[in-house]
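Engineer: Quick one: the structure is below, and I'll ask about it shortly.
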Amino acid sequence: MSESRAQSAAADKESPNLVLFAIFAFGACGSFSAETGATVKCTKPPKETTAITVQFGYPFRLYKIPFDMPDCIEGSTSKRMLHLMGDFSAPAEFFVTLGVFTFLYTMAALAVYLRFHSLYKENKKLPFADFCVSVSFTFFWLVAFSAWGKGLSDVKGATRPSSLIAAMSVCQFKNAVCNAGATPSMGLANISVLFGFVNFILWAGNCWFVFKETPWHAQTSNKENSAEQGAVDKQ
């Protein structure tokens, strides 16, 4: 009885952590936005200096984000529309979607566990299903934070001011002088990857607590108890 209560208490403490860190993960990634930029100074009349600022964020379909590049043609102030390069929406959207589903499932599982704990104990299929789902979430979080970590690294490379300058043809000629703007602040995006890793660790630990509720663990415990009892009887 005391072991069962200890497991229930551990599960009760674990579930709020799963909910909170799921929210932190998809919230940090889904709400991220930043800006990159550069300045283009035309060396021919009218010798204008153009400050280019490009805002980007989730879902990181950078190829859809436009910005204007001056032509720097003598006597002209016309501009051309360019776009950032790359599409990193797949890992970002998978990461956020997994966070949302994790939140919803954990809330539902916690409600069932607290409200119908006796049913959870009596129905052997529920702990087994819960264990399978927990293993799946553990695997998915491993894939999600790894893929998003790689995707974020690519986003950083594509949004550096130096990458912006390299994409502008006017900066490759002598009729313009281009300078890098401020480097985008990626702190919140970095934190989202960290939260993804924490979710993986939490779900891996949760698998052990859920496994203790399954018939597999009960059978193992019974065998161990029988072996210990047999050893005592022989003595």
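Engineer: Residues with amide H under 5 Å of THR50's amide H, sequence separation 5 or more or different chain, H placed in the peptide plane at 1.01 Å from N; which?
Structural biologist: Amide H to amide H, under 5 Å and 5 or more residues apart or across chains, THR50 pairs with VAL40, LYS41, CYS42.
Engineer: Please list TYR105, TYR113 from largest to smallest accessible area, probe radius 1.4 Å, with all protein chains kept in place.
Structural biologist: TYR105, TYR113
Engineer: Can you count the Lys pairs in segment 1-215 with C-alpha separation below 21 Å, eight or more apart or on different chains?
Structural biologist: 15
Engineer: Another question, then. Can you pull the percent of segment 1-215's accessible area that's carbon plus sulfur, 1.4 Å probe, other chains left in place?
Structural biologist: Accessible surface attributable to carbon and sulfur in segment 1-215 totals 64 percent.
Engineer: Taking the Cα centre of each part, how many Å lie between segment 93-118 and segment 181-197?
Structural biologist: 26 Å
The values are calculated or read from the model by the stated rules, or taken from the named source; none is laboratory data. Here the structure is a predicted model, which is why all the values come from computation and not from measurement. To get the accessible areas, we keep the full protein, side chains included, count just its heavy atoms, and leave off ligands, DNA and RNA. Shrake-Rupley method; radii C 1.70, N 1.55, O 1.52, S 1.80 Å.
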